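Peer 1: For reference, the structure I am asking about is given below.
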Amino acid sequence: MLEHFYRYASGKEPSYWDAPFMYPYKNTIALSDNLLGTAPIYAAIRTAGLSRESAFQLWVVALFVLNFWCCFLALRKWVVVDVLAACGAYIFAFGIYNMGQMGHAQVFPSSWCRSPSGSSGATSAVAA
């Protein structure tokens, strides 16, 4: 998905929604997790000249850092002590649950989730 987005954004693919899998079906991206929220990060890394594999690795690292940072900012509003906020953000971003999901890249951008109350995903995930 990420490489297909990069190829589409760089003009190498004529249509984003018609990925070259499940041929002859059209609109195949709509049948899957499209990662549109974080694909621009991957595309920017690829545009910088990194290979597909290196860009994917850096994309994963960037998402873990974003998850930590967003959770830290949310927790800092709840608790004034930065050390406690950092500890909670570390557990949220790098906890054993996330390590167990390494084969499921679509769940990495958890910092961008929203709860029904409208607060950030980091806030709702830590509160749960």
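None of the figures in this text is laboratory data; all of them are computed from the coordinates on show. Being a predicted model, the structure only gives us computed values, none of them experimental. Neighbour counts are summed over all protein chains in view; Cβ atoms, including those assigned to glycine, are modelled from backbone coordinates with ideal geometry.
Peer 1: Between R52 and L36, what length comes free when the chain is fully extended (0.36 nm per residue of separation minus the Cα-Cα distance, one decimal in nm)?
Peer 2: Numbers: separation 16, 0.36 × 16 = 5.76 nm, distance 1.72 nm.
Once the chain is fully extended between R52 and L36, it gains 4.0 nm.
Peer 1: Further question: Skipping prolines and chain starts, which residues have an amide H placed within reach, meaning under 5 Å, of the one on F108, given they are 5 or more residues away or on another chain?
Peer 2: Residues meeting the amide H criterion: none.
Peer 1: Bin width 10 Å, origin at 0, all Cα-Cα pairs of the stretch 1-53: what percent of pairs per bin?
Peer 2: 26, 54, 19, 1
Peer 1: What is the dipole size for the stretch 10-82, taken about its Cα centre, with +1 at each Lys and Arg Cβ and -1 at each Asp and Glu Cβ, in debye to the nearest 20? Kindly include the intermediate steps, with their values, before the conclusion.
Peer 2: Values: 6 positive and 5 negative charges, 23 e Å.
Here the stretch 10-82 has a charge dipole of around 120 debye.
Peer 1: Okay, next question. Could you work out the relative contact order of the stretch 58-114? I mean the mean sequence separation of Cα pairs under 8 Å and 6+ apart, divided by the number of residues, in percent. Display every interim value, and only then the final one.
Peer 2: Working: 44 pairs, mean separation 26.1, N = 57.
Here the relative contact order equals 46 percent.
Peer 1: Quick one: among Y23, Y90, Y42, which has the greatest mean-square fluctuation in a GNM of the chain with alpha-carbon springs under 10 angstrom?
Peer 2: Its mean-square fluctuation being the largest, the pick is Y23.
Peer 1: May I have the pair-distance distribution P(r) for the stretch 2-127, computed from all Cα-Cα distances with 10 Å bins from 0 and rounded to whole percent?
Peer 2: 13, 35, 31, 17, 4, 0
Peer 1: Report relative contact order for the stretch 1-94 in percent, whole number only (criteria: Cα-Cα under 8 Å, sequence separation at least 6).
Peer 2: 20 percent.
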